[in-house]
Amino acid sequence: MTRMSHSEKVARNIVRTHGRTKLRRLIEGLQAQESGQAIADDLEVSRERVRQWKNVLTRTVTSVTVEGDVSRVLREAGVTRPE
């Protein structure tokens, strides 16, 4: 039998305690980068609880993009991007 991950346990607990629509609201709010307070108010929980859920249920990915004028300077200087 496969063991549940911590994130799956938390998600199932949210469904059991608050319902499927509240889990959906939480995930959609986090994806839209809404404030924790706005999500907490809708779910009738604390902002801290939303922060805890966010840390367990999601992963933050940071992307860095070089400004166009910097790319131009790099090309002019003969610097190529690493592959």
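The values are calculated or read from the model by the stated rules, or taken from the named source; none is laboratory data. Because the structure is a prediction, the values reported are computed rather than measured. All Cβ positions, glycine included, derive from the backbone under ideal geometry; neighbour counts span all protein chains shown.
Odds and ends about this structure:
- Residue match in region 52-60 (condition: at pLDDT below 95 and loosely packed, with under 11 Cβ neighbours inside 10 Å): yes
- Listed by first and then second residue, the pairs linking a residue in region 1-29 that is more than 20 Å from Ser46 (Cα to Cα) and in contact (Cβ under 8 Å) with a residue 24 or more places away in the chain to a residue that is hydrophobic (A, V, I, L, M, F, W, C) and surrounded by 12 or more Cβ atoms within 10 Å (Cβ to Cβ), with Cβ atoms under 9 Å apart and 6 or more places separating them unless they lie on different chains, are His6/Val56.
- For the residues Ser46, Ser63, the requirement of being within 30 Å of Glu8 (Cβ to Cβ), surrounded by 10 or more Cβ atoms within 10 Å (Cβ to Cβ) and of a type in the set (Ser, Thr, Tyr) singles out Ser46.
- Restricting attention to region 48-71, the residues being among the polar types (S, T, N, Q) and closer than 24 Å to Met4 by Cα number 4.
- Region 10-43, subset over 24 Å from Val61 (Cβ atoms) and acidic (Asp, Glu), residue surrounded by the most Cβ atoms within 10 Å (Cβ to Cβ): Asp42
- Within region 9-32, the set of residues being of a type in the set (D, E, K, R) and closer than 12 Å to Val50 by Cβ comprises Lys22, Arg25.
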